[in-house]
1. Can we say B:Ala122 is surrounded by 24 or more Cβ atoms within 10 Å (Cβ to Cβ), out of contact with any His (no Cβ under 9 Å at 6 or more places or on another chain) and either at pLDDT below 95 or more than 12 Å from chain A (Cβ to nearest Cβ) (or both)?
2. Quick one: which residue in A:Leu144, A:Leu169, A:Leu244 is touching a strand residue (DSSP E or B) at 6+ places or on another chain (Cβ under 6 Å) and within 14 Å of another protein chain (Cβ to nearest Cβ)?
3. Taking A:Val157 as the residue in question, decide whether it is more than 9 Å from chain B (Cβ to nearest Cβ) and within 19 Å of B:Ile131 (Cα to Cα).
4. Go through region B:155-186 and give me each residue that's hydrophobic (A, V, I, L, M, F, W, C) and either under 18 Å from the mean Cα position of the chain (by Cα) or in the same structural domain as B:Pro104 (by TED's automatic domain parsing) (or both).
5. Only one residue in A:Thr121, A:Thr147 is of a type in the set (S, T, N, Q) and closer than 23 Å to A:Ser51 by Cα, so which one is that?
6. Is it fair to say B:Gly92 is within 12 Å of chain A (Cβ to nearest Cβ), farther than 16 Å from B:Asn145 by Cβ and not basic (Lys, Arg)?
7. Hey, does region A:71-81 have a residue that's at positive phi and touching a residue at least 24 places away in the same chain (Cβ under 8 Å)?
8. Criterion first (closer than 23 Å to A:Ala152 by Cα, crowded, with 24+ Cβ neighbours inside 10 Å and at pLDDT 95 or above) does A:Gly92 satisfy it?
Number of protein chains: 2
Amino acid sequence: MPSRPRRKATSTLNEFDLIRVLQRRYRSDGPGVLRGIGDDAAVIASDRRRSHLFTTDLLSEGIHFDLATATFADVGFRGATANLSDIAAMGGTPEYILVCLAMPQSASKVQIEQMYRGLMTACRPHGVRLIGGDISASAAGWFLNITLVGSAPARDVLLRSGSKPGDDLYVTGTLGDSRAGLQLLQDSPRRSRPSVSSRHRRLLVARHLRPTARIREGCWLARGRWATSAIDISDGLSGDLRHLCEASQVGVDLDLSMLPISPACRDYALGLKQDAAMLALAGGEDYELLFTVPARQSARFEQATRAHRIRVTRIGRMLPRGRGLHIIMPSGRRQPLPCISYEHFRYQR
Amino acid sequence: MPSRPRRKATSTLNEFDLIRVLQRRYRSDGPGVLRGIGDDAAVIASDRRRSHLFTTDLLSEGIHFDLATATFADVGFRGATANLSDIAAMGGTPEYILVCLAMPQSASKVQIEQMYRGLMTACRPHGVRLIGGDISASAAGWFLNITLVGSAPARDVLLRSGSKPGDDLYVTGTLGDSRAGLQLLQDSPRRSRPSVSSRHRRLLVARHLRPTARIREGCWLARGRWATSAIDISDGLSGDLRHLCEASQVGVDLDLSMLPISPACRDYALGLKQDAAMLALAGGEDYELLFTVPARQSARFEQATRAHRIRVTRIGRMLPRGRGLHIIMPSGRRQPLPCISYEHFRYQR
């Protein structure tokens, strides 16, 4: 999701846990629907060999993106990446995109074209084709809805629910960069800037505005049948790890000292006297893949990642459900996994 | 689309004809994509026998629906019907729905549940299953995005582009009811009401708030290979007939005296001293199917519709493109087809 000011929805609605209500009432797993509500994307059986994947997002100005810190092209790029990342988390190949845009009276042709340019810049490297959508007016503000259609070999689809106690927990790339980039963008120029080099600043802001969907990594994990479960990190490691554990009905020990932090993020955190690991934990919008691999395969798996130049880091170990969800502090102290990521009423991821 | 106050987008954007720009720039017909932007739904080859259909709509409060005249359940029902109708116009069977909702801070759990109830009430008779989406906050107002996935036998998909000069033009059901129903809803109770009976009023309002998608009719037309082209009437007969003629590169003579008008609509128009045919022409949101049948098959076709209890009316004749688009007045006078339907920036229908 594009740079969101992280406004929460009303507390009343949080209490009711709407997603679970809808999931219970309109649950649609069954013939044809291999996975409905409750994963990164829906999985529909196409034939014996191939499954279709569907994911959709509605992004609102002032909630999911801020046109003061992102261009229209950035918003389009990030919106497309968020959905590409959902397909990556299922081990799928993205194929088609449908885009709906609702815009205020003040909208210009150039702004709309920039939004589409950003969307298609993110999609083109993956061969994703625009096949439909609509453009209409909104009473106030910009709204962007993206639906992405992909596919995957039926037997290789990655789900959140396949992890077993004893699996190792891995993540691709580095964590926290996007959040650091957002904070840099939101800093008023008048405020004293953190002591981050201009090169690192550029890197962090780029990681926020133009993130990478891990399509290649997701496909490789699925085809090689390495991963027992996977999810993409859109809401933050803390929240998405929780989703993975709930779906797989397992516990976890997450080792904070193992989290992959880029030099730029470390530099930024140092300047603010913040803990980079906490930034990584709460971050969100990293669009890295979080996944599990059976421990007995870990050595062979890590060797294969090096051969294929895929950057992964082992960051924890899955446990029986009863052991709960914990982080291991650098001091060795074990404490409950905090709830510090952005919660929204998404019922698909 | 749900009861829309029919506010137009800015004139600046009308001039640029955005849809054509995007269609040209991101045109995606080609391998796998049998029909991209430019029909009621996108058509993707699944295998030799079956095609997938995709359609999506973003509906904005104050633009596409008005919560003063429609309940949340009505908005959901109408939103689903608009998309079901797109699938009907392609001769397809609707299968899966994805729903994104963005809602204001004031939203309640009951309102959200009602919206979903309306959506699923429209979907359930067709066996359509909810497979994903999300629920998030909006800075102001309600926004509903629906993506509908369907399928059709590959060789039977109905397109807008297949009509030939000499074909007869047909429409299902009756026209103008929805518009009359909307006008009745928008009438202030203080204003003197048109002399329409309460039974007719109920019928017209129901046709507006709870329209019927012509799924059965579309499937039957496609399977029997009766129709050479088809479109659903969402923007109004005048506008949608224009779209069909453009896609098929044909002209038309539309016979106003033949338009199927319900007794309720005729009653309503009489009370207002309006011409019911003009109401039918400008209407919109009727969700009837407009389609063409080769003239040499018309007699056999009409006989078959009676046997299958499918209500259709012949309302015109397709002509070579150079003959232009005309209406034949009841007096016999021939005049250019007026542009009186709602124009929005939809690039899929």
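The values are calculated or read from the model by the stated rules, or taken from the named source; none is laboratory data. Keep in mind that this is a model prediction, so the values were computed, not measured. Note: ideal-geometry Cβ built from the backbone for every residue, glycine included; neighbour counts use all protein chains shown.
1. Here the answer is yes, as B:Ala122 does meet what is asked.
2. Values: A:Leu169 fails: within 14 Å of another protein chain (Cβ to nearest Cβ); A:Leu244 fails: within 14 Å of another protein chain (Cβ to nearest Cβ).
The match here is A:Leu144.
3. Numbers: more than 9 Å from chain B (Cβ to nearest Cβ): yes; within 19 Å of B:Ile131 (Cα to Cα): yes.
Considered against the rule, which asks whether it is more than 9 Å from chain B (Cβ to nearest Cβ) and within 19 Å of B:Ile131 (Cα to Cα), A:Val157 comes out as yes.
4. Of all residues in region B:155-186, those hydrophobic (A, V, I, L, M, F, W, C) come to B:157-159, B:169, B:171, B:175, B:180, B:182, B:184-185.
Those that are hydrophobic (A, V, I, L, M, F, W, C) and either under 18 Å from the mean Cα position of the chain (by Cα) or in the same structural domain as B:Pro104 (by TED's automatic domain parsing) (or both): B:Val157, B:Leu158, B:Leu159, B:Leu169, B:Val171, B:Leu175, B:Ala180, B:Leu182.
5. Details: A:Thr121 fails: closer than 23 Å to A:Ser51 by Cα.
The conditions single out A:Thr147.
6. Details: within 12 Å of chain A (Cβ to nearest Cβ): no; farther than 16 Å from B:Asn145 by Cβ: yes; not basic (Lys, Arg): yes.
The answer is no for B:Gly92.
7. Going through region A:71-81, the residues at positive phi turn out to be none.
Looking through region A:71-81, none of the residues is at positive phi and touching a residue at least 24 places away in the same chain (Cβ under 8 Å).
8. Values: closer than 23 Å to A:Ala152 by Cα: yes; crowded, with 24+ Cβ neighbours inside 10 Å: yes; at pLDDT 95 or above: yes.
So A:Gly92 passes the test.
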